[in-house]
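To start, the structure under review is shown below, and the notes come after it.
The values are calculated or read from the model by the stated rules, or taken from the named source; none is laboratory data. Here the structure is a predicted model, which means the values were calculated and not measured. We place every Cβ from the backbone using ideal geometry, glycine too, and count neighbours over all the protein chains shown. Surface accessibility is based on the protein's heavy atoms, side chains included, excluding ligands, DNA and RNA. Shrake-Rupley method; radii C 1.70, N 1.55, O 1.52, S 1.80 Å.
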Amino acid sequence: MRERIVRNTCPRNCLGGCSMLSYIADNQLVKVTGDRLQKFNHGTLCAKGYAYTQFVYHPARIKFPMKQVPRGSGNWQRISWDEALETIATKMIELKTRYGSNLACCYNKDYGNRGLLHHATEGMFNSIGPHTKTLGDLCGRSGIMAIKNSIGSAFSGVPEKMAGSKLIVVWGSNPAVTNVQQMRFIHQARQSGAILVCIDPIFTQTAKKADLFIQIQPGSDALLAMGIMKLLNQNGDLDQEFIDHYTTGWKAYKTRLAQTSFAEICLHTGLSMEVLQKLYQLYTQHTPVSTLCGIGVQRNENGRQAVNAILSLVAMSGNLLAEHGGIYYFHDAACDFPRKLLNHPYPETSTSEASRTIDISRFVLSALSLEDPPLRLLWVACRNPLSQDENLHAWTALLQQMELIVTVDLFLTKTAEASDIVLPAASHFEEEDLHVSWWHHWLSLNQKAIAPYFEAKSDLQIARDLTKKLNELVPHFSNFPWEKEALDWIEEECTPEMLARYGLNSMDDLFSGPHHRVDDFNRLEAKQFQFVLDAHEQLHFVQEPNQFRILTPQSLLRIHSQFEQLDWLKIADESLVQIPAQFAAEQGLHHEDFVKLSNQHGSVVVQVKLNQHLPNNVLLATQNGLHSINQLYVQEIHPPSESSTLFNDCIVHLEKISPMDLHKNE
């Protein structure tokens, strides 16, 4: 049996972006390990990574193109790729004839696969001219905009350097579960005497390992950061040299801090002055300080203010530019690349002025409101909105108005089940790609390791094939360069600027392993940091007594619905909602009793699991399971501009369900 080793990169939309070595025997994937040349994951993978051998060959993977007649019936029929592509192409052409443009065609795509070549979907739609497209991102946009408003660009430290920190503040994040590779550097720092502080509404696995756990009320993070800044300012513990030479706006910001009372801070955070004093002392007694700011911090109406305040605390305490200190949020290194597929030009013959754009964070209500023309074709790729989006009732209405729904995926997800045509997607072992991370600063190549699973195809290959079909039916309908192979696109991303940034002589250097960024990207120019005053003008705390806020943190063995098919990664009790044990005792609720969660948008009946560490106004749930909690999430079309989806602002009432009432609900 001949064995070879191929370099791959995990493409999942977590923070890792781990480099992998894939062991191939007789053209089969038999084992995966981490690549030691990438010093972030350093030869290790998470449980999901090691489960890839089951993922790739799972019998539930979609093997062939399929159509469902009628939609939602479960009556699936295998069809050929030619029939699938002709059906899609014919509908696209007919819609353009009917409406005089391609605006009735839309895609809904995110980062289920983060490889740069998965922008082939966007490139394919650009190739037919102006259409309806999504912009933004669901997860971290509020925080990214806060950082850009202060610094001018996304800014996050080198995660490996956290090992040299003396104080690590994990704020609204749970890296022991969601960023396991980062824990290596946290442990290294602690072995050298560093203090670990965890600030979170939830007593997480990371909190269990911390020297100090601060249980804060959800949505009040900005006020806690302001409280620490007030104490630093009052006691003369600022980095005045940094403030004088590298910042603007401090005078007005300092005035705003003075107007915020400690009484207000303690009231809304649920913390005492003793806790604020303790945090203040830690910031003054230990340097450098690393602050790991989680995405969950900004998934509420106060989210941008929270990240802004945490970043301002890092700056004014003298830690922003400190070696082994700084802010760790997440960044989008892909924006530095040309991203030729994402930015593929429209045909010169396009008649419409521009594409219609929809913010993906509020996609469904915006899509339903479109007229002249309304949406009629929806293409879903690299995501599963019927599992992880808000406003599922509106999604049902939107899908009903579609004349054709196409989903590209590896498994028959909830969204695929609601589609007309499902196309089998290739796994990352079955395609070439180029990868950067939201967290670390490594660039890596993903090589094709094995042949596609049955008739699966990459997004790029689907774009190439659909282009040929469109132009076969109507010459020059699409200008997508179908003849270009994956490696051609990768080479175009490796511009001289990018090669220099990652210390490469040519693209070929990536075949020998991942490369770390070598330029001084953490350097700030004079007066570049802006203290943003208006970020604290309006903080909202609207939760009433006897209401609960639902938080939906990620688990160790899932990323939303990804990996849910794998027996190796089964999660116990994923359909249970965790409720505060104290509240349960007061209401006579026990483990696995049934409760109804309801708000103005609907209700779900679920079983409960008691959690003795939860605050009395917080529930924990997953976004999976038969009774999706997402039914209760509705985000208006116009929340704060350029914001993430505000999942953590879902407020519900809780009511115990008796066995008799449960029978009635059924």
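Worth a mention:
- Between Asn616 and Glu241, the contour length at 0.36 nm per residue exceeds the Cα-Cα span by 130.6 nm.
- Calculated FRET value between Lys31 and Glu485, using beta carbons and R₀ = 30 Å, to 0.05: 0.60
- Candidate cross-link partners of Lys91 among the lysines, defined by an alpha-carbon separation under 16 Å and a same-chain spacing of 8 or more, comprise Lys67, Lys468, Lys469.
- Over the chain, relative contact order from alpha-carbon pairs under 8 Å, at least 6 apart, %: 21
- Sorting the segments 607-613, 503-509 by their mean number of nearby beta carbons within 10 angstrom, highest to lowest, gives 607-613, 503-509.
- Kirkwood-based Rg to Rh ratio, the range 455-502, C-alpha trace: 1.15
- The share of Cα pairs per 20 Å bin across the chain, counted from zero up to the longest distance, runs 18, 51, 29, 2 percent.
- Kirkwood hydrodynamic radius over Cα pairs of the range 409-489, then Stokes diffusion coefficient at 4 °C and 1.567 mPa s, in µm²/s: 88
- Distant alpha-carbon pairs in the range 179-251 (separation over 16 angstrom), percent: 66
- The chain: antiparallel DSSP beta bridges as a percent of all, rounded to 5: 45
- Over the Cα atoms of the range 404-449, the radius of gyration divided by the Kirkwood radius equals 1.15; this is the Rg/Rh ratio.
- Theoretical FRET efficiency, 1/(1+(r/R0)^6), r = Cβ-Cβ of Glu592 and Met183, R0 30 Å, to 0.05: 0.40
- Summing Cβ point charges (Lys, Arg +1; Asp, Glu -1) relative to the Cα centre of the range 302-424 gives a dipole of roughly 220 debye.
- Stokes-Einstein translational diffusion, the range 127-266 - Kirkwood Rh over all Cα pairs, 1.567 mPa s, 4 °C, in µm²/s: 72
- Taking every alpha-carbon pair in the range 76-174 and binning the separations at 5 Å intervals from zero gives 2, 9, 11, 14, 15, 14, 8, 6, 7, 7, 4, 2, 1 percent.
- Solvent-accessible surface of protein heavy atoms, probed at 1.4 angstrom with all chains present, puts Lys414, Lys251, Lys469 in the order Lys251, Lys414, Lys469, largest first.
- With only Cα atoms counted, the range 323-478 has Rg and Dmax values of 18.5, 60 Å.
- Kirkwood-type hydrodynamic radius, the range 214-257: 11.7 Å, calculated from all non-identical alpha-carbon pairs.
- Taking only the C-alpha atoms of the range 346-399, the Rg (one decimal) and the largest Cα-Cα distance, Dmax (whole number), read 13.1, 39 Å.
- Mean shadow area of the range 1-139, taken as a quarter of the surface of its Cα convex hull (nm²): 12.0
- Where only DSSP H runs of four or more residues are counted, the chain gives -8000 deg cm²/dmol as its mean residue ellipticity at 222 nm, each run worth -39500 (n - 2.57).
- When the range 311-381 is reduced to its Cα atoms, the Kirkwood hydrodynamic radius in Å: 17.1
- Length released on extending from Lys251 to Arg4, taking residue separation times 0.36 nm less the Cα-Cα span: 82.7 nm
- The distance linking the range 264-325 with the range 22-98 is 42 Å (Cα centroid to Cα centroid, whole angstrom).
- With 0.36 nm allotted per residue and the present C-alpha distance subtracted, the His393-Leu267 stretch has 41.7 nm of extension available.
- Spacing of the two label points (7 Å from each Cα toward its C-beta) at Asp519 and Ile559, in nm: 2.6
- The range 163-203 - convex hull of the alpha-carbon atoms, volume per residue in Å³: 60
- Note, ³J(HN,Hα) from phi for the range 308-322, Karplus 6.51, -1.76, 1.60, rounded to Hz, x at Gly and Pro: 4, 5, 5, 5, 5, 4, 4, 5, 6, 8, x, 10, 5, 9, 5
- Protein-only accessible surface order, largest first, of Cys46, Cys106 at 1.4 Å: Cys46, Cys106
- Dipole magnitude of the range 284-347 about its Cα centre (Cβ charges: Lys, Arg +1; Asp, Glu -1), debye to nearest 20: 200
- Förster radius 56 Å - calculated FRET efficiency between Gln285 and Lys656 (Cβ-Cβ, nearest 0.05): 0.70
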